[in-house]
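The values are calculated or read from the model by the stated rules, or taken from the named source; none is laboratory data. Everything quoted here is computed from the prediction, not taken from an experiment. Neighbour counts run over all protein chains shown; Cβ positions are idealised from the backbone, glycine included. Ligands, DNA and RNA are excluded from the accessible area calculation, which covers all protein heavy atoms including side chains. Shrake-Rupley method; radii C 1.70, N 1.55, O 1.52, S 1.80 Å.
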Amino acid sequence: MEKSKQPLIVPEERIMQRIVLIREEKVILDLHLAELYGVETRALKQAVRRNMERFPEDFMFELTEDEVEAVVSQNVIPHKKYLGGAKPFAFTETGVAMLSSVLKSDIAIEMNIAIMRTFISLRKLSVNYKEVMRVLEDMREQYDNQFEDIYRVLEHLINKPQEPRNMIGFTRHDDEAE
């Protein structure tokens with residue numbers, strides 16, 4: 001009797017919360033991947049170490065002590081003790097894709113697909129954000145120029161140079177006063 005496959009439902013937000021920026025790369029730490037895959041961190045690291053040739057530096061790297069301190073201070077992980085003395089591995093998008101060839105379970109495969117889709121969504125958001133920033137910059141330049149013109153006109157109206165005025169009233173001539 002064949003089991004009916006239930007699709008894995010993991011909210012994209014849950015995955016996004018696990019993606020952090022380290023060394024100017026969007027990465028997921030091994031402990032978070034293990035949690036998402038439903039395996040022990042130790043087992044995930046062991047599978048990666050057995051296949052290190054598949055994980056060059058741009059796919060996966062081990063955090064330095066300073067980076068560990070940074071992720072603890074940013075509450076990415078609650079405490080250094082949470083790591084069990086080992087430095088975490090950080091997996092880039094391509095490293096997560098490579099994990100699918102190392103972890104063969106159905107859950108790992110489905111989770112990899114969900115994680116890859118989340119990375120793609122983040123990339124799309126980033127592109128949209130850059131486009132919005134470009135439009136705002138264009139508008140700022142356009143309106144700065146228009147406001148500069150308005151400012152000059154207002155400045156002219158407020159501090160209008162005074163032309164000499166003709167005097168109104170009686171003028172007194174010294175020869176009439178006598």
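Between Glu148 and Val72, what FRET efficiency comes out of the Förster formula 1/(1 + (r/R0)^6) with R0 = 41 Å and r the beta carbon distance, rounded to 0.05?
Numbers: r = 49 Å, r/R0 = 1.19.
E(calc), rounded to 0.05, equals 0.25.
Per-residue HN-Hα couplings for the range 16-21, Karplus 6.51 cos²θ - 1.76 cosθ + 1.60 at θ = phi - 60°, whole Hz, x for Gly and Pro?
4, 5, 8, 8, 10, 9
Spelling out what I want: for every residue of the range 45-52, take phi, set θ = phi - 60°, compute 6.51 cos²θ - 1.76 cosθ + 1.60 (Karplus), and round to whole Hz; glycine and proline get x.
Taking θ as phi minus 60°, the curve returns 4, 5, 5, 5, 4, 5, 10, 4 Hz for the range 45-52.
Using a Gaussian network for the chain with springs between C-alpha atoms less than 10 Å apart, which of these wobbles most: Met116, Met139, Met167?
Met167
Kindly give Rg over Rh for the range 46-122, based on alpha-carbon atoms, with the Kirkwood expression for the hydrodynamic radius. Before the final figure, lay out each step's value.
Numbers: Rg = 13.6 Å, Rh = 13.7 Å.
Rounded to two decimals, Rg/Rh equals 0.99.
At 1.4 Å probe radius, can you tell me the per residue accessible area of the chain in Å²?
Working: 13520 Å² over 178 residues.
Counting only protein heavy atoms, the per-residue value for the chain is 76 Å².
For the chain, give the percent of accessible area contributed by carbon and sulfur heavy atoms, probe 1.4 Å, rounded to a whole number.
Details: 7350 of 13520 Å².
About 54 percent, which is the carbon plus sulfur part of the accessible surface.
Which values of log₁₀ I(q)/I(0), to two decimal places, follow from the Debye formula for the chain at q = 0.14, 0.15, 0.18 Å⁻¹ with a uniform point scatterer at every Cα?
The computed values of log10 I(q)/I(0) come out as -0.84, -0.92, -1.18.
With a 1.4 Å probe and all protein chains kept in place, how much accessible area does Arg14 have, in Å² rounded to the nearest 10?
Estimated to the nearest 10 Å², Arg14 gives 90 Å².
Modelling each spin label as a point 7 Å along the Cα-to-Cβ direction, I'd like the Leu136/Lys160 distance in nm, to one decimal.
Reported label-point gap for Leu136 and Lys160 is 4.0 nm.
Would you mind checking the pairs Lys26/Lys124; Lys81/Lys124; Lys45/Lys104; Lys45/Lys130; Lys104/Lys124; Lys45/Lys81 and listing those with alpha carbons more than 24 angstrom apart?
Numbers: Lys26/Lys124 14 Å; Lys81/Lys124 36 Å; Lys45/Lys104 14 Å; Lys45/Lys130 36 Å; Lys104/Lys124 29 Å; Lys45/Lys81 17 Å.
With Cα atoms farther than 24 Å apart: Lys81/Lys124; Lys45/Lys130; Lys104/Lys124.
Between Gln17, Gln74, Gln142, which gets the highest mean-square fluctuation from a Gaussian network model of the chain, Cα cutoff 10 Å?
Fluctuation is largest for Gln142.
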